[in-house]
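Any read-out appearing in this document is the output of simple, stated calculations on the displayed coordinates, not a laboratory observation. Everything numeric in this text was worked out from a predicted model, so none of it was measured. In this analysis, Cβ positions are derived from the backbone assuming ideal geometry, glycine residues included, and neighbour counts consider all displayed protein chains.
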Amino acid sequence: MDRAYSLLTVKALDASTRRISGIASTPELDRHGDRLHLAGVTFRNPVPLLFHHKQTEPIGTATLAITPDGITFDAVLPTIAEPGPFKTRVDEAWQSVKAGVLTGASLGLNIPDDGFSYAGSVRKILKAEVCELSLVTIPANRAATIRLVKSLAAGRRPESLMKPTTAEHIQNLENKRAALAGRMTEIMETAAGESTTLETEPAEEHDGLALQVKSIDADLARWREHEKLNITAAVPVPATPIVSRTPYPVISVKSNLPLGTAFVRAACARLVTKGNDRDAIAYAEARWKDTPEVALYLKAAVAPGTVTDATWAAPLVNQGIANEFLELLRPATILGRIPGLRNVPFNTKVPSQTAGGTYGWVGESKPKPVTKLAFSSTSLGISKAAGIIVLTQELVKLSNPSAEALVRDDMVKGIAQFLDAQFIDPAVAAVAGVNPASITNGAPTAAATTNPLADIMGLINHFATNNIAVDGVTFILSAANALSLSFRNNLDGSPEFPGLSINGGTYKGLTFITSQAAGGNVIALQPSLVLYADDGGVTIDASQEASLQMDSAPASPADATTVFVSLWQTNTVGLRAERFINWQKANANAVKYLTATAWPAPTGGVDVQVSSRGKG
């Protein structure tokens, strides 16, 4: 049996199904002096897949196809569960392919007596039947190279990876041209050695090769020009991560530990080792083997930094430690649960329209009125919420999951409670350079009644009256008022506010969010008209040498009467957390709220206050 060797150009490698796709043979001249003419090749799929042409050692099956580039194949190596020689052989072949040891493919051919001819020293195979395909170590093709190996997710066909890149197109054309030029040189050298003119068949082959070289040169010029255009049109990769559009699934593995555990452990490791990062890394690796990302986080930073520092610390966000703290914080705050808030950058002007044009009917041949629009701009400066937690060194050194949870929960609940109150407390006014005003500060109000449906409709009518879209309006209320709504029934016993519970919910397309910071107020807002800026990171710093004012309202500036406590002297450590955030109403009528709301709970399980016709 004759063999046609070629490079194993692996186009795709699917580990889940042990599937290999590639090119088994090309029309190029191989090292044995054979040239396979694809037009005369026949086969019946599937063909056996052998290991080094050993007919007694099959390793799978292959499906062949003839393309302009050569004979392509799609081979499958089965997964064998039962131990034995076959499993050992197939596993060995698969591991060799993945490791890049098996770099060649070879076709086993049955060539009839009239299926070949010679042109000098070159044997042209004109007719052949493919009997098998083998994976071999040394390919005979002069351009033997493994160009691409891709590992894909289970069940996905690598169709997009089958297309070579521009650079690969150029390389393929150059390889093909070199092979053709080599054959032309071989023909001419043969004629020169015989001191004769070219015979008809070699002359025709040479002229055909020359035409192919000329065509390839034209294609190379086009591809190189295309490559230059691609380079010119290239744009930098965005610094911020974007949503992947790849059709293949992304697999991620998350820890079962409570969110924020790794974040707290990183801070504790620094505190225990007094800020020595090398010791902190060793401490984290030895103590918390279930969170290796802690040591990785500590290795990434040579000094305490912030995840908002663009020079070096921002990449630490990708380690997932600061992010998991935010993931735990945001759902606990009102801001994290309001859908549709308009997110804007810090210190960036946001234009808004304050007045529209004047329009009217115009009679025939009458002049049209000239009108104008009015605009303004708003920008959100940088503001931050911060707090310091002081812990004893004994607590830090002897920390266990419960102690870590205590620190984590206290930081989360403390910042969440503060931001909730600041966001909706009408008494919070803006202080330049310090904090924003609450969204209810200066907003229109109304006194609540004992009819919640009428109160809610009154808030809705406020937006409609001021030409503000009602779609997406969100209500913020206390859990007690939400629970009262959930208890109310119509006369027929059906819920008057289905979809609402003590945790809020939705009703008639409206969103209800509960927060104890609301108190007796029920706030209605249009989220699209509330601007907010959130840096998306948490700044963490720790110290055990600083001196602090142990006061929830420290004096600023400190004077002679201010008392400071040394953390070093009292054997304590301070953990400081900051979050950069700001908000502002884009429209004065974007918010309206009810005061002194205490909707009465129904008695007897059925509310008799509201009839099916909406009367009290």
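Here are a few things to note about the model shown:
- Length gained on full extension, Lys366 to Thr166, computed as 0.36 nm times the residue gap minus the Cα-Cα distance: 65.7 nm.
- Rg/Rg_globular for the stretch 179-230, with Rg_globular taken as 2.2 N^0.38 Å and Rg from C-alpha atoms: 1.52
- Kirkwood Rh in Å, taken over all unlike Cα pairs in the stretch 20-121: 15.3
- Spacing of the two label points (7 Å from each Cα toward its C-beta) at Ala65 and Ala553, in nm: 7.7
- FRET E, pair Lys87, Arg278, Förster distance 35 Å, beta-carbon r, rounded to 0.05: 0.15
- As a proxy for reagent exposure, Val362, Val473 were ordered by neighbouring Cβ count within 10 angstrom, fewest first; the result is Val362, Val473.
- Stretching the chain fully between Asp290 and Gln516 yields a gain of 77.7 nm (0.36 nm per residue, less the alpha carbon separation).
- Ascending count of other beta-carbon atoms within 10 Å, so fewest first, for Ser134, Ser365, Ser121, Ser215: Ser365, Ser121, Ser215, Ser134
- If the segment from Glu201 to Val431 were pulled out straight at 0.36 nm per residue, it would be longer than the present Cα-Cα gap by 73.4 nm.
- Label-point separation in nm, Asp217 to Ser566, each point 7 Å along Cα→Cβ: 8.6
- Here the spin labels are modelled as points 7 Å beyond Cα on the Cα-Cβ line, and at Glu57 and Asn45 they lie 2.8 nm apart.
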